[in-house]
Amino acid sequence: MKMPRDRLIRYSPLDRANHWTMAMVFVLLALSGLAFFHPAFFFLSHTLGGPVWARILHPFLGVVLVLLFYAMAARHVRRNLLGENDVQWVRQIGDVLDNRDEKLPPIGKYNPGQKLVYWALVVSIAVLLISGVIMWRPWFAGYFPIPLIRFASLLHAVSAFVAIVTIVVHVYAAIWVKGSIRSMTRGWVTRAWARHHHGLWAREQEEAQHREQQP
Amino acid sequence: MDNSQNIIARSATTTTPPQVRGHVDEVAKLIDVSKCIGCKACQVACMEWNDLRDDVGECHGTYDNPTDLTSESWTVMRFSEYETQEGNLEWLIRKDGCMHCAEPGCLTACPAPGAIVQYANGIVDFDSNHCIGCGYCITGCPFDIPRISPKDQKSYKCTLCSDRVNAGVEPACVKTCPTNCIEFGTKKDMLARAEKRVGDLKELGFRDAGIYDPAGVGGTHVMYVLHHANDPNRYSGLPKDPRISPLVGAWKGATKPIMSAIIGITAFAGVIHYMTKGPKEEPEEHVQEDAPPPHSLGYDATRPRGEDR
């Protein structure tokens, strides 16, 4: 399909499919995990077909999330390292929150907030995997000493908390910044959107297109 | 579950459990280790009353049989050969099983509402019908007692024969013990009896004799009389100062309401931000004449580029 001239591709079909699969898996994991975390959320265990099924399925879903997430994360490491103007952007976080975007410096494909989401999830999902395996009954927990299982249980709860808060922020940011949900459902953004929110990335994309058009 | 009206604690429950029948004396099982002959009649009685038939194991060169608690062996005699500093051998035999803590780590850790209950008489009981098989009770227990059954993935342990006690009779192990090493009654009576026995043992020369009723878990409803109460560890690893691990305390204590609240507050902050500051609207394709100076973007965003339009 030919992309209209006023649009830029931001996420490939594979990225989008992976993202929304992860989104569904993450929601199921968070709901079933919260059910074991606090009695107030116990009713959420029914989203996986009742508390016993939630206990059985939660760790397997966790493994699915780990595979999808790191397959995605590995391909985006470079774009999530500290980039040009990132420090200045963070200094002007007040302007970001107050929607005074015209005062912000141009930044790359991901802004520092998005990079923070990336690294928070890279770390918390790794901790969730390791601690989760140590707690996993009936398959693995029996191979670990009980004091280690206690430590893993605490770590699992804390890192799940970090991941859930991160995803709440991520979802809100998508609702807040109009045009970004469409970029993840349809894959494209307008050139004006790219220039406004990710000036360096827009310039890079436009220059690449320009070079392609030269004989 | 045999008594649903005098429950003083219920797992994963933040409201008061049914406890109208609360005028109940606390009970206790007293195990006088100094009188135990290691006959294992208590193990047999436990299997018989509770209709449990564990697999026949193998001899590992000791009298321990089975060698550990299982989901179908709720009590096990543990034999330890202890050499004293004077070179004497002491054969210490301890009946292991649930201690029925006043502050049960299993109940604290359990995420399934009602799967673990504590009755007003002090018995900590597993309602296996509500068990989800997560094993958190094993993580929470300071004595390493609960076991998950490989058959149904439910957790099991000694019930202190709550069904018998509820009907006014003593636990099966107590009834069968041929030396009266195991006794049962109100906790008050059992403590008095234990003190008397400790006095006798001291007269016999066991200067360190004492009662094992560890305060770290609020006391227990299964108590031991030990000839060496100063070193319970020599009785096959009985912990000297058991308590609910601080890790379990943090995992199941303050972190739960605090982290739950922060998740809620974060989502709420998003709603308030959206209502007060509004969204970042999709930028216009054709930039207005009165747009702010474009130099801060690093390039002129207001002027359409030649190659684009």
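Restricting to bridges with both residues inside chain B, how much of the DSSP beta-bridge set is antiparallel, in percent to the nearest 5? Mind dumping the intermediate values first?
Working: 26 of 30 bridges.
That works out to approximately 85 percent antiparallel.
Out of the trypsin sites (Lys or Arg not before Pro) in region A:1-89, which ones are loop residues according to DSSP with at most 16 other C-beta atoms within 10 Å? List each step's numbers first, then the result.
Values: sites: A:2, A:5, A:7, A:10, A:16, A:55, A:75, A:78, A:79; in loops: A:2, A:5, A:10, A:75.
Answer in residue order: A:2, A:5, A:75.
Based on DSSP, what percent of beta bridges with both residues in the protein assembly as shown are antiparallel, to the nearest 5?
Numbers: 29 of 34 bridges.
Counting only bridges with both partners in the protein assembly as shown, antiparallel ones make up about 85 percent.
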Ranked list, fewest to most other Cβ atoms within 10 Å of each Cβ, for A:102, B:203: B:203, A:102
For the protein assembly as shown, with +1 on Lys and Arg beta carbons and -1 on Asp and Glu, the positive-most of A:161, B:225, B:5 along the dipole: A:161
Qualifying lysines (Cα of each under 18 Å from Cα of residue B:35; at least 8 residues distant if same chain): B:95, B:175, B:196, B:202
When each of B:40/B:240; B:154/B:240; A:115/B:280; B:154/B:187 is checked by Cα-Cα distance, pairs over 21 Å: B:40/B:240; B:154/B:240; B:154/B:187
Loop-resident sites, region A:117-215, for chymotrypsin sites (Phe, Trp or Tyr not before Pro), counting at most 12 other Cβ within 10 Å (DSSP): A:139
Helix A:199-213 vs. chain A, principal-axis angle (Cα, 0 to 90°, nearest 10): 60 degrees
Label point at residue A:79 placed 7 Å out along Cα→Cβ; residues across region A:111-130 whose backbone nitrogen lies under 15 Å: A:111-119
Most mobile of B:231, B:32, B:55 in a GNM of chain B (Cα contacts under 10 Å): B:55
Ranked B:212, B:224, B:63, criterion: other C-beta atoms within 10 Å, fewest first: B:63, B:212, B:224
Selected from B:263, B:182, B:132 as most flexible by GNM, with chain B as the system and alpha-carbon contacts under 10 Å: B:263
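What is the magnitude of the charge dipole of region B:7-228 about its Cα centre, with +1 placed on the Cβ of each Lys and Arg, -1 on the Cβ of each Asp and Glu, and no other charges, expressed in debye to the nearest 20? Could you put the intermediate results ahead of the total?
On the way: 22 positive and 30 negative charges, 117 e Å.
Charge dipole of region B:7-228: 560 debye, to the nearest 20.
Counting each DSSP H run of 4 or more residues in chain A as -39500 (n - 2.57), what helix-only mean residue ellipticity at 222 nm follows after dividing by all residues, to the nearest 500 deg cm²/dmol? Present the calculation step by step, with values, prior to reporting the outcome.
Numbers: 9 runs with 143 residues, N = 215.
Rounded to the nearest 500, the figure is -22000 deg cm²/dmol.
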Cα→Cβ-extended label distance, 7 Å offset, between residue B:250 and residue A:24, nm: 3.8 nm
Chain B - Debye-derived log10 I(q)/I(0), Cα point model, q = 0.11, 0.15 Å⁻¹: -0.72, -1.23
Likely footprinting exposure, B:26, B:48, fewest C-beta neighbours within 10 Å first: B:48, B:26
Charged-residue dipole, Cβ positions (Lys, Arg, Asp, Glu), region B:57-186 about Cα centre, Debye nearest 20: 460 debye
Qualifying trypsin sites (Lys or Arg not before Pro) for region B:150-223 [loop in DSSP, other Cβ within 10 Å: at most 14]: B:151, B:207
Whole-Å distance, taken between Cα centres, linking region B:149-168 and region B:7-42: 12 Å
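Each value in this text was obtained by applying a stated rule to the coordinates, not by laboratory testing. Keep in mind that this is a model prediction, so the values were computed, not measured. Cβ: placed from backbone, ideal geometry, glycine included. Neighbour counts: every protein chain shown.
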